[in-house]
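Trainee: Handing you a structure now.
The values are calculated or read from the model by the stated rules, or taken from the named source; none is laboratory data. Quantities reported herein were computed from a predicted structural model and do not represent experimental measurements. Here the Cβ positions follow ideal geometry from the backbone for every residue, glycine too, while neighbour counts run over all protein chains shown.
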Amino acid sequence: MRSLAVGLLPPKVRAVPVVDPAPTRRIGVAVKESASHHPAAVRVVELLREQAGALTPV
């Protein structure tokens, strides 16, 4: 999984994983009606749905 944080921490800083409860993210998408049938807009929404499905726990 990709990291959103800094790669190297300063010497006196320690990374502590957050595990209980595990953090979650929610992404919302809004597409203007006038652009809703544009191939690029349709594809972006498809890709986001695919990625969200890949990350959803089973």
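Trainee: Looking at the structure I just gave you, is VAL13 modelled with pLDDT of 85 or more and loosely packed, with under 10 Cβ neighbours inside 10 Å?
Mentor: Yes: the conditions hold for VAL13.
Trainee: Within segment 16-43, take every residue that is within 17 Å of the chain's Cα centre (by Cα) and charged (D, E, K, R) and give me the one that is modelled with the highest pLDDT.
Mentor: Among those residues, the one meeting the criterion is ARG43.
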